1. Among (1) farther than 22 Å from GLU47 by Cα; (2) under 14 Å from the mean Cα position of the chain (by Cα); (3) among the aliphatic types (A, V, I, L, M), where does VAL68 come up short?
2. If you check every pair at least six apart or on different chains, which have Cβ atoms under 8 Å apart with a residue in the range 95-121 that is within 14 Å of ASP134 (Cβ to Cβ) first and a residue that is surrounded by fewer than 18 Cβ atoms within 10 Å (Cβ to Cβ) and of a type in the set (S, T, N, Q) second?
3. If a residue must be surrounded by fewer than 10 Cβ atoms within 10 Å (Cβ to Cβ) and under 26 Å from LYS66 (Cβ atoms), how many such residues does the range 20-49 contain?
4. Would you confirm whether or not the range 6-20 contains a residue that is free of Cβ contacts under 8 Å to residues at least 12 places away in the same chain, farther than 27 Å from LYS100 by Cβ and part of a helix (DSSP H, G or I)?
5. Condition (residue is more than 22 Å from the chain's Cα centre (by Cα) and either aliphatic (A, V, I, L, M) or within 30 Å of GLU136 (Cα to Cα) (or both)) applied to the range 21-42: is it met by at least one residue?
6. Before we move on, is LYS100 under 21 Å from the mean Cα position of the chain (by Cα), among the basic types (Lys, Arg), closer than 21 Å to LEU156 by Cβ and surrounded by 11 or more Cβ atoms within 10 Å (Cβ to Cβ)?
7. Between ALA2, ALA12, which is under 22 Å from LYS108 (Cβ atoms) and either surrounded by 12 or more Cβ atoms within 10 Å (Cβ to Cβ) or among the aromatic types (Phe, Trp, Tyr) (or both)?
Amino acid sequence: MAGIGKQRLHLAWVSSAEAQRFVEVVTQTTDSVKAQGKFDPKAFAFELAAAELTLAEETLRWMVGKEVKITTKGDVFGRRWDRDTFESILDSLLERVYQKNLILQAVKEGHTSVRDIHKKIGLDLKRISYLLADMENRNIVEFAGMEESKPIFAAL
């Protein structure tokens, strides 16, 4: 999603009791990064900032932490989810949170109208409007007024 290549960004849930799994994840990640060669983080600073905010998002972290329980024992209603269903929902959540963070980064950089945000991040105008409304309800951005008949937003 960030445009840096699927193999450059790794996310794995490892319990402190899983030393061997930690070693495996770190080894695989290190080998993958070395195989891809140098990466210029400055060229992707905007996308990486949004990705970092995404990885720190509480709901996403909660979902990752509940994967084993939900896929083996079930949810609070006793329904056991198959891994594909869980990962599909997690992917949808990840995409939504990342897109909201791209919008937030764009607003912080001064791209305050829906069209300006679209030009910066390339997301569909309707999707940007929808996510901005959600972000406004969650006190992430606010409607800051009108400029040339366009609604303008500011980060909170």
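The values are calculated or read from the model by the stated rules, or taken from the named source; none is laboratory data. This is a predicted model, so every value here is computed, not measured. Every residue, glycine among them, receives a Cβ derived from its backbone with ideal geometry; neighbour counts consider all protein chains shown.
1. With respect to (1) farther than 22 Å from GLU47 by Cα; (2) under 14 Å from the mean Cα position of the chain (by Cα); (3) among the aliphatic types (A, V, I, L, M), VAL68 is out only on (2).
2. As it stands, the answer is VAL97/THR59; VAL114/SER129, since those pairs meet every condition given.
3. Of the residues in the range 20-49, 1 are surrounded by fewer than 10 Cβ atoms within 10 Å (Cβ to Cβ) and under 26 Å from LYS66 (Cβ atoms).
4. yes
5. Looking through the range 21-42, at least one residue is more than 22 Å from the chain's Cα centre (by Cα) and either aliphatic (A, V, I, L, M) or within 30 Å of GLU136 (Cα to Cα) (or both).
6. yes
7. One residue alone meets the criteria, ALA2.
For (1) more than 26 Å from LYS120 (Cα to Cα); (2) polar (S, T, N, Q); (3) at pLDDT 90 or above; (4) in contact with a Gly (Cβ under 6 Å, 6 or more places away or on another chain), each residue gets a yes or a no:
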{"site": "TRP13", "(1), (2), (3), (4)": "yes, no, no, no"}
{"site": "LYS42", "(1), (2), (3), (4)": "no, no, yes, no"}
{"site": "TRP62", "(1), (2), (3), (4)": "yes, no, yes, no"}
{"site": "LYS66", "(1), (2), (3), (4)": "yes, no, yes, no"}
{"site": "THR71", "(1), (2), (3), (4)": "yes, yes, yes, no"}
{"site": "ASP84", "(1), (2), (3), (4)": "yes, no, yes, no"}
{"site": "ASP91", "(1), (2), (3), (4)": "no, no, yes, no"}
{"site": "LEU94", "(1), (2), (3), (4)": "no, no, yes, no"}
